[in-house]
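See below for the structure under consideration.
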Amino acid sequence: MSGKKIGFLGLGTMGGPMARNLLKSGHEVRGFDLDADALARHKEAGGTTAGSPREAAEGMDIIMSVLPDGPDVERALLGPDGAIHTMTPGTVFIDASTIDPAVTIRVGEALAARGIDSVDCPLGKTSDHAVAGTLTLIVGGSPEVVERIRPVLECVGKDFFYCGRLGMGQAMKLTNNFLSAAILTSTVEALVMGAKAGLSLETMMSVMRTTMAWNNHLGVSLPKKALADDFTPGFMVRLAEKDQRLAMQFADSLNAAVPVGTAVHETLKEALRGGFANLDVSAVMQLRERQAGVRVRAGDAAADPHTSAVA
């Protein structure tokens, strides 16, 4: 695919690196963000900037967005200064945000009425993978449209999964994050419980590595973040809570019972109230450590099971 003209809405933690990878791949990228610093970084990388979604979309082949939530996507596309007002028939909208599938379909229908195709492509993995261009791409939309814009998507991601019609990418992303959050929160609680009993982290990890308790949070994410005492955000608590809230709403719309999911959502809301909103989601470890009066870190000695004073 020859270089495309791409309007990019949302140049934050994920969107900024994605836009830079599109630039490196030879595409022209006009970016919009509410943050002046994000716009400056995009310009330094060789992109151009716009003062509104409407301006970002004018004359572009593709509009891509990575925005926090559904209302942000609706406002950026359909609002008074929205991209829809300058998009033309044949343009493709790619939404890489994680939002309610119902919003994806609603925005898609509004664009389709003007001859504009839509693809939903929520992302898997973290900001490090956004920088490396190795994100997981979870895609929904018309097969023909998806194949047409696939070379653009492959500039920002490595693992590509087509999930079905428009909105099914969002359905898969919410399903994935629902399970990931449940595994993370229960894994953290188990490690804190074991540490409180006096077990060393090394002992717990050694045993769990041989049993069905083992998971990628134990093997990958926690050793890199919480267990290394690094809570800089790869995926923020506030975004994890938002995704869990959307997953719970989605489950309710399907009449699917998710009592474990309810408990996970309460934990994430508790982490928000505890002041961890902008830290990595593994900061739920700090929440449970604070309550138990123990610390679980690589290299730390086992906790004294007779000590219960909160640090």
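The values are calculated or read from the model by the stated rules, or taken from the named source; none is laboratory data. Computed from a predicted model, the values in this text were never measured in an experiment. A quick note on method: Cβ atoms are made from the backbone with ideal geometry, for glycine too, and the neighbour counts reach across all protein chains shown. Each accessible area value is taken on the protein alone, full model and side chains, heavy atoms only, with ligands, DNA and RNA left out. Shrake-Rupley method; radii C 1.70, N 1.55, O 1.52, S 1.80 Å.
Taking only protein heavy atoms and a 1.4 Å probe, the accessible area of the stretch 58-150 is 56% carbon and sulfur. The P(r) of the chain has a tail past 24 Å containing 55 percent of all C-alpha pairs. Taking 0.36 nm per residue of sequence separation and removing the Cα-Cα distance, the Ser253/Asp35 pair yields an extension gain of 75.0 nm.
Annotation note: chymotrypsin sites (Phe, Trp or Tyr not before Pro) in the stretch 170-231 located in DSSP loop regions with a Cβ neighbour count of at most 14 within 10 Å are Trp214. Annotation for Ala190 and Val220: the two label points, set 7 Å from Cα along the Cα-Cβ direction, are 1.8 nm apart. Measuring against 22 Å, Cα to Cα, the residue pairs Lys125/Lys158; Lys4/Lys158; Lys24/Lys224 contain Lys24/Lys224 as the ones spanning a longer distance.
By the helix-only formula, in which each DSSP H run with n ≥ 4 contributes -39500 (n - 2.57) and the sum is divided by residues, the chain has a 222 nm mean residue ellipticity of -14000 deg cm²/dmol. Partners of Lys43 within straight-line reach, counting aspartates and glutamates whose Cα lies under 14 Å from its Cα and excluding those fewer than 8 residues away in the same chain: Glu28, Asp33, Asp35. Figure legend: label point modelled 7 angstrom from the Cα of Asp230 along Cα→Cβ; residues of the stretch 129-160 with amide N under 15 Å from it are 129-132.
Among the trypsin sites (Lys or Arg not before Pro) in the stretch 197-268, those placed in a DSSP loop whose Cβ has at most 12 other Cβ atoms within 10 Å are Arg209.
For the stretch 204-263 versus the stretch 17-71, the inter-centroid distance based on Cα atoms is 30 Å. Using the 1.4 Å probe convention, the accessible area of the chain works out to 45 Å² per residue with neighbouring protein chains retained. In the chain, the longest principal axis of the Cα atoms and the axis of helix 101-112 are about 10 degrees apart. Per-atom-type breakdown for the stretch 233-290 gives carbon and sulfur 57% of the accessible area (1.4 Å probe, protein chains only).
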